[in-house]
1. Per-residue ellipticity at 222 nm for the chain, helices alone: DSSP H runs ≥ 4 residues times -39500 (n - 2.57), over residue total, nearest 500 deg cm²/dmol?
2. Counting only C-alpha contacts under 8 Å and six or more residues apart, can you give the relative contact order of the chain as a whole percent?
3. Mind listing the long-range amide H neighbours of TYR154? Cut-off is under 5 Å, sequence gap 5 or more, other chains count too, H placed in the peptide plane at 1.01 Å from N.
4. I'd like the Karplus ³J(HN,Hα) series for the stretch 203-213: coefficients 6.51, -1.76, 1.60, θ = phi - 60°, whole numbers in Hz, and an x wherever there's a Gly or Pro.
5. Would you calculate the separation in nanometres between label points at MET227 and ARG151, each defined as 7 Å from the Cα along the Cα-to-beta-carbon direction?
6. From the backbone phi of the stretch 86-92, what are the Karplus-calculated ³J(HN,Hα) couplings (6.51 cos²θ - 1.76 cosθ + 1.60, θ = phi - 60°) in whole Hz, Gly and Pro given as x?
7. Set the Förster distance to 41 Å, then compute FRET efficiency between PHE49 and MET175 from the Cβ-Cβ distance, nearest 0.05.
8. Hey, got a sec? Which chymotrypsin sites (Phe, Trp or Tyr not before Pro) in the stretch 1-54 land in a DSSP loop and have at most 12 other Cβ atoms within 10 Å?
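Readers should treat all values here as calculations from the given coordinates under stated rules, not as data from a laboratory. None of the values given here were measured: they were computed from a predicted structure. Glycine gets a Cβ as well: all are built from the backbone with ideal geometry, and neighbour counts include every protein chain shown.
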Amino acid sequence: MIGFYDYTTLLTYLSLLSACTGIVVALAGQGHPFMACFFLMFCGFCDAFDGKVARTKKDRTDMERNYGIQIDSLSDLVAFGVLPACIGGALILDSTYLKELTDLYRDRWFFVIGALVLFAILLLYVLAALIRLAYFNVTEEERQKTEGGVRKYYTGLPVTTASLIFPLVMLVQYMTAADISLFYIAVALVTALAFVSKLQVPKPGINGILGMLAVGILILAVMIVIMTLTSSSLSFFSIFVSH
């Protein structure tokens, strides 16, 4: 078979599988976009350590190294580009705000046109993620020819930050019971612009990675608590109604 299948690629493959599962979950129906964030955060966890794991193999060939760079970017496009867009798409289709405005104006085209505009922003988000990743690959290849080693700065916001940004946005909805679909799209637009900006972002060291991991674990814990409380409330309500 073509490709490489040693331990240096394992986390990248797991990230892609998690992203694809998250996409299916996000589009499965009401309430599932929140669940899809778990898979998005797992992708972020895999990406945080895949490079460090790969560099532990000292006898990697140039082909293995280049292969790792390419599959990492391809996986990142699905995980941090397509998956957040699918979560946003699910929120749009289930947006009570858009439906209320549609009922107010009594024109179903209001919902259709509004949804199309919001979907267009999500498409721009995916495009920005693609451009950011392609630009990184090209500049990294050029940098390796002259510098070598590990880079100290990124140009443009790394797409992997999506694994923290969008779960935080989703928490707003489940902590306030508000429809945050428009807010989610606005954040996606700002994030997309940050992807393709010339913003210089320091590459995090091990302390930075551990700090982001701690934030991710905190978000995960809050999400689990919210899901548990919501499930308990629904169970109590159903028992109360049945009596």
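1. -26000 deg cm²/dmol
2. 21
3. Correct list: VAL201, LYS203.
4. Per residue, the Karplus-derived 3J(HN,Hα) values read 6, x, x, 5, 5, x, 5, 5, x, 5, 5 Hz.
5. Each label point lies 7 Å from its Cα, and together they span 3.4 nm.
6. After applying 6.51 cos²θ - 1.76 cosθ + 1.60, I find 5, 4, x, x, 5, 5, 4 Hz.
7. 0.90
8. Those satisfying the criteria are TYR5.
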